[in-house]
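The values are calculated or read from the model by the stated rules, or taken from the named source; none is laboratory data. None of these values were measured; they are calculated from a predicted model. When we count neighbours, we look across all protein chains shown, and the Cβ atoms used for this are built from the backbone with ideal geometry, even at glycine.
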């Protein structure tokens, strides 16, 4: 049995899955959103997108994921620092919206290109980030 180094500096999720799988993860995320989460689609759509998430939003998130997972700075070199809380402040993110986002991401993670260790790690990290972005107090 071969032992791998744990995920961390020098062994990022990007190192483990690569750019193609990272971009595909973003696509699967939005495919699931388009099919199952109309409230999330409404937040992400643009005028030209109709009832689907706009291609430019998909591309931007793919670039963000590549960078966030430890790959090249293809997002921030074009868009600047992600500033996630600031960029999402205009959206009412409560428990229901957070959970809908996580359902989409967890479904996207269920793919053979994502190793079990990476999937487990990313589920925890995405849950932390999704909870951090909540900006509506709920009982």
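Take the conditions (1) assigned to a loop (DSSP other than H, G, I, E, B); (2) more than 21 Å from residue 132 (Cβ to Cβ); (3) without any contact (Cβ under 8 Å) to a residue 24 or more places away in the chain; residue 56 misses just one of them, which is (1). Within the stretch 91-118, the set of residues being surrounded by fewer than 16 Cβ atoms within 10 Å (Cβ to Cβ) and either in a helix (DSSP H, G or I) or free of Cβ contacts under 8 Å to residues at least 24 places away in the same chain (or both) comprises 95, 96, 99, 103, 110, 112, 116, 117. Listed by first and then second residue, the pairs linking a residue in the stretch 78-89 that is in a helix (DSSP H, G or I) to a residue that is exposed (fewer than 13 other Cβ atoms within 10 Å of the Cβ) and at pLDDT below 90, with Cβ atoms under 8 Å apart and 6 or more places separating them unless they lie on different chains, form an empty list. Scoring residue 138 on the criteria (1) part of a helix (DSSP H, G or I); (2) in contact (Cβ under 8 Å) with a residue 40 or more places away in the chain; (3) surrounded by fewer than 13 Cβ atoms within 10 Å (Cβ to Cβ) leaves a single failure, condition (1).
The number of residues in the stretch 88-121 that are under 21 Å from residue 20 (Cβ atoms) and touching a helix residue (DSSP H, G or I) at 6+ places or on another chain (Cβ under 7 Å) comes to 13.
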